[in-house]
Amino acid sequence: MLKSKLVRYSLVGLVLSLFAGLAYGYMHWQRALEREVFVEPQYFEVQPGQSFNSIVQQLKQKQLISETWSLKLQAKLQPKYSQLQAGLYQFSGTLAPIDFIYMMRRGRIVEFKLTFTEGSEFKQWQKMLAEHPFIEQTNYANKLAALIKPHKSAEGLFFPDTYSFHARTTDFSILKQAFDKMQQTKKLLPSIDEHELSWYQILILASIVEKETAIVAEMPIIASVFLNRLKIKMRLQTDPTVIYGLGDEYKGDITRQHLKQYTPYNTYKISGLPPTPIAMPSKAAIEAVISPANTKYLYFVADGKGGHKFSTNLQQHNLAVRQYLKQRQK
């Protein structure tokens, strides 16, 4: 009888010890999963097809976690925790091991943004794409030529805007987004078919308007000046086209010699529009060309206050120029 009681007590004690051990182990496991550390901002990339154990080991190598067993146990007990999404993540702040897994399970990958400003040139776009550390560089010359066909120049054919993308997106795919957005913009604009200029000519003139003023309210007036000149076969005589034609030769100051130098873009020497746009025009500049102000202006000059003074004849224009020069001297 006594021996039977001792056996029962021993079994009870063993079970209690076992439960106590399991409870302690569970608490130790939970503490390990939730032990927070401060993480300096850094990127972490999960490759397509990379195994869970490899990802966990990578976390340890980057000193984001101190051990791997707690996460591996979590994945063993709940296999859904091992289903992580490939991509580039950014970790920062106070995080626990389980937080890394939550973020990668939900696919909270980094979204980058690249802004191409109105009036920027295609070569500037190419430079920005080439310098971005997470854009995949490709040899897209042939694809670009096919995309912009029948045009030879890419200038003016892409819509300036902010574009979002994930790491390893190709440079050409971002350009394709911008090209498609310009095509969508064209479809949304009214009365293009009825315009005296073709769509490409509209882009050319819009790019000049874009470079002449940053004031949206002025754009329809600037556009009217150039359209009025085209109607009477008067040369556009606009400095931005001269500068574009000079390319790397332009060092920040336009000279009399520059105005006399022939290039296909020197509108002091050529009649009509230059052969291509000189920048990426905004929607506002395009709309200004399509729906210009109703004016008889043929001239404009800076007013010294950020805007322009408009004139219908050369006498008025020369007076406005003298006033501007006096103001600059002051």
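Laboratory data are not the source of any read-out in this text; all were calculated from the coordinates shown. Model, not experiment: these values are computed from the prediction. Note: ideal-geometry Cβ built from the backbone for every residue, glycine included; neighbour counts use all protein chains shown.
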Subject >> Burial ordering of MET280, MET103, MET219, MET234, fewest other beta-carbon atoms within 10 Å first >> reply: MET234, MET103, MET219, MET280
**OP:** Give the order of ASP180, ASP99, ASP253 when sorted by the count of other beta carbons within 10 angstrom, beginning with the fewest.
**Re:** ASP253, ASP180, ASP99
Original post:
Which length gain, in nm to one decimal place, applies between LYS186 and ILE215 when the Cα-Cα distance is subtracted from 0.36 nm times their residue separation?
Top reply: 8.2 nm
Subject >> Interchain or long-range residues, amide H under 5 Å from GLU45's placed H >> reply: TYR89
**OP:** Please state the charge dipole magnitude for region 30-110, taken about the Cα centre, from unit charges on C-beta atoms (+1 on K and R, -1 on D and E), reported in debye and rounded to the nearest 20.
**Re:** 280 debye
**OP:** Could you bin all the Cα-Cα distances of region 112-187 into 5 Å bins starting at 0 and give me the percent of pairs in each, rounded to whole numbers?
**Re:** 3, 15, 29, 29, 18, 6, 1
**OP:** As a check on your grasp of the helix formula, calculate [θ] at 222 nm for the chain: sum -39500 (n - 2.57) over DSSP H runs of n ≥ 4, divide by the residue count, round to the nearest 500.
**Re:** -15500 deg cm²/dmol
Original post:
Straight-line reach from LYS80: which lysines have a Cα under 26 Å away, not including same-chain ones fewer than 8 places off?
Top reply: LYS60, LYS62, LYS72
Original post:
Arranged by the count of other C-beta atoms within 10 angstrom, fewest first, what order do THR241, THR213, THR170, THR117 take?
Top reply: THR117, THR170, THR213, THR241
**OP:** Considering the options THR241, ALA285, SER207, tell which one lies farthest towards the positive end of the dipole of region 194-297, charges being +1 on Lys and Arg and -1 on Asp and Glu at the Cβ, about the Cα centre.
**Re:** THR241
**OP:** Could you tell me which label, among [x] -0.65, -1.28, -1.47; [y] -0.72, -1.14, -1.25; [z] -0.83, -1.18, -1.28, carries the value of log10 I(q)/I(0) by the Debye sum over Cα atoms at q = 0.11, 0.15, 0.16 Å⁻¹ calculated for this structure?
**Re:** [z]
**OP:** Would you mind computing, in nm to one decimal, how far apart the modelled labels at SER153 and ARG322 are, each placed 7 Å from Cα along Cα→Cβ?
**Re:** 3.7 nm
Subject >> Extension gain, ILE254 back to LEU88 (0.36 nm per residue minus Cα-Cα distance, nm) >> reply: 55.1 nm
**OP:** Grab the beta carbon distance between SER66 and ARG105, set R0 = 25 Å, and tell me the FRET efficiency rounded to 0.05.
**Re:** 0.75
**OP:** Kindly write out, for region 283-299 in residue order, the coupling ³J(HN,Hα) from the Karplus curve 6.51 cos²θ - 1.76 cosθ + 1.60 (θ = phi - 60°), rounded to whole Hz, with x marking Gly and Pro.
**Re:** 4, 4, 5, 5, 5, 5, 6, 5, 10, x, 5, 8, 9, 10, 5, 10, 9
Subject >> Charge dipole magnitude, Cβ of K and R +1, D and E -1 - the chain, Cα centre, debye nearest 20 >> reply: 480 debye
Subject >> Which of PRO48, THR185, VAL225, positive extreme of dipole for the chain (C-beta unit charges) >> reply: PRO48
